[in-house]
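Take a look at the structure below.
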């Protein structure tokens, strides 16, 4: 650690609210969300881009926030699990995950749900096979996969997310 | 995690100057290799990171007989490109067979070419012997547990694999890399871009320090070409290849008029199998031809006990994709 490293000024749009941050350039988007913005929904799993627990939407597209510097997000819009509900109503995928018991420990869940939001927007939830293939970047150590697929399928068949 | 200065480049010339003038500077694009190696594994530690993600190098344009892909185009963007879907379906197959959607939304085409090996010994700085990290230090992989390693272009100096799926198709298609350096722009055929490790595995390609990939140009397949990419792996999605093969064929009356073959999961560099192409060209499209081509493709394989299986698997992978592409059922 060196005190001489200049901080980077970063404006991060998170769930529709702009946050003006001054950060060590080494801070990842994931750590900025959790530590600087105070939203702990995005989880640090492997911290190597392998597990998907830190998945967020960046300008509407899913990314793993652990493999991106917060500084790279300057001026961009991030959606986290905290930004999905509207006026106290859960997102249809959040409701479906509860209804289908699509999680056990819950650690991968916010990443799973954001990935699924993106999956529906991409039009890739046409079959169980397609859901499995395009959700493969989100690992679930509890093995809730069948219920995750069922939850996503139900929302897809009902016309997708709002 | 070592300290670095973060610089955001706004034009190509500025970016090239910022890295070229500083031996310890690196570019940062999608970050899916660079940040992994820097922040997590501590394998590389540039003093300065030049963020190029805002440079105007994104998007693909079609010209006469080719598609020019800006270096910052993401893997997902290229996979969805109408020209790629129509005229380079094997490129799309290879793109979608790699990584996850999240990573493909981040990772760029230029970065894909320059991705570092997944060799565990390279990625673990506590392992002393790695010629790729420190020239002359040895290779821990050849006497250790090695499975996801290379057998072509490999030697006792290094068996680290180039794990790209995309590049396997691009070398087969004679893609050209466009770069910008302090001495101007140049174009390099992808088949001449990578260096076989030899006794300098730390030198992976022909780029000068600070030379920036600006675009990759891919000739389109003729409309009558058939093609395919087959990837064999330990699980059916989100896994690196054990072996893979990219094939493009032009057939007429059961005879192979033109053939392109690339191999993945086996090479220290994305592998163009010219020997296999020679066997295929002018030969009847049947199983014996495909088997002979596979023999030629894996000729010269250098294995260690953990990678010996890849010789036979690589042959079978190529035979299978040739059968599929040629429409010759097993």
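Please determine whether any residue of segment B:123-139 is under 19 Å from residue A:64 (Cβ atoms) and within 14 Å of another protein chain (Cβ to nearest Cβ). I'd like the intermediate steps shown before the answer.
Filtering segment B:123-139 for residues under 19 Å from residue A:64 (Cβ atoms) gives B:123.
If we keep only those that are within 14 Å of another protein chain (Cβ to nearest Cβ) as well, we get B:123.
Yes: one or more hits.
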Item to check | From the options A:102, A:125, A:96, residue that is more than 14 Å from chain B (Cβ to nearest Cβ) and not in a helix (DSSP H, G or I) | outcome: A:102
Next on the checklist: Of everything in segment A:3-37, what is more than 12 Å from chain B (Cβ to nearest Cβ) and not in a strand (DSSP E or B)? Give them in sequence order.
Outcome noted: A:15, A:16, A:32, A:33, A:34, A:35, A:36, A:37
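Restricting to segment B:205-240, name every residue that is more than 30 Å from residue B:251 (Cβ to Cβ) and more than 18 Å from the chain's Cα centre (by Cα). Before the answer, list the steps.
Of segment B:205-240, the ones more than 30 Å from residue B:251 (Cβ to Cβ) are B:205-215, B:234-235, B:237-240.
Matches in segment B:205-240: B:208, B:209, B:210, B:211, B:234, B:235, B:237.
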Next on the checklist: I'm told residue B:27 meets every condition in (1) in contact with a helix residue (DSSP H, G or I) (Cβ under 9 Å, 6 or more places away or on another chain); (2) surrounded by fewer than 22 Cβ atoms within 10 Å (Cβ to Cβ); (3) under 22 Å from residue A:6 (Cβ atoms); (4) away from chain A (no Cβ under 12 Å) except one. Can you identify the failing condition by its number?
Outcome noted: (2)
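Can residue A:40 be described as at pLDDT 95 or above, more than 10 Å from chain B (Cβ to nearest Cβ) and in contact with a strand residue (DSSP E or B) (Cβ under 9 Å, 6 or more places away or on another chain)?
Values: at pLDDT 95 or above: yes; more than 10 Å from chain B (Cβ to nearest Cβ): yes; in contact with a strand residue (DSSP E or B) (Cβ under 9 Å, 6 or more places away or on another chain): no.
Against the criterion (at pLDDT 95 or above, more than 10 Å from chain B (Cβ to nearest Cβ) and in contact with a strand residue (DSSP E or B) (Cβ under 9 Å, 6 or more places away or on another chain)), residue A:40 does not qualify.
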Next on the checklist: Quick check on residue A:115: is it under 28 Å from residue B:74 (Cα atoms) and at pLDDT 95 or above?
Outcome noted: yes
Item to check | Residue selected from segment B:31-62 under the condition away from chain A (no Cβ under 14 Å) and assigned to a loop (DSSP other than H, G, I, E, B), by the criterion surrounded by the fewest Cβ atoms within 10 Å (Cβ to Cβ) | outcome: B:56
Item to check | Residues of segment B:285-302 satisfying the condition of being at negative phi and surrounded by fewer than 17 Cβ atoms within 10 Å (Cβ to Cβ) | outcome: B:286, B:287, B:288, B:291, B:292, B:295, B:299, B:302
Item to check | Matching residues in segment B:99-122 - criterion: being within 11 Å of chain A (Cβ to nearest Cβ) and either farther than 19 Å from residue B:238 by Cβ or touching a strand residue (DSSP E or B) at 6+ places or on another chain (Cβ under 9 Å) (or both) | outcome: B:100, B:101, B:102, B:103, B:104, B:105, B:106, B:107
Checklist entry - Quick one: how many residues across segment B:292-330 are under 21 Å from residue B:251 (Cα atoms) and outside any helix (DSSP H, G or I)? => result 4
Checklist outcome for this item: If we ask which residues in segment B:239-284 are in contact with a helix residue (DSSP H, G or I) (Cβ under 9 Å, 6 or more places away or on another chain), part of a loop (DSSP other than H, G, I, E, B) and surrounded by 24 or more Cβ atoms within 10 Å (Cβ to Cβ), their number turns out to be 5
Checklist entry - Which of the residues spanning segment A:128-147 are within 14 Å of chain B (Cβ to nearest Cβ) and in a helix (DSSP H, G or I)? => result A:128, A:129, A:130, A:131, A:132, A:133, A:134, A:145
Item to check | Looking only at segment B:63-91, and only at residues there that are touching a helix residue (DSSP H, G or I) at 6+ places or on another chain (Cβ under 9 Å), away from chain A (no Cβ under 14 Å) and free of Cβ contacts under 8 Å to residues at least 24 places away in the same chain, the one that is surrounded by the most Cβ atoms within 10 Å (Cβ to Cβ) | outcome: B:81
Next on the checklist: Name the residue that is farthest from the chain's Cα centre (by Cα), counting only residues in segment A:51-84 that are more than 9 Å from chain B (Cβ to nearest Cβ) and farther than 15 Å from residue A:118 by Cα.
Outcome noted: A:75
Checklist outcome for this item: Only unsatisfied item for residue B:234, checking (1) over 28 Å from residue B:192 (Cα atoms); (2) outside any loop (DSSP other than H, G, I, E, B), is (2)
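The values are calculated or read from the model by the stated rules, or taken from the named source; none is laboratory data. Just so you know, these numbers come straight off a predicted model, no measurement behind them. For neighbour counting, all protein chains shown are included, and Cβ atoms are generated from backbone atoms with ideal geometry for every residue, glycine included.
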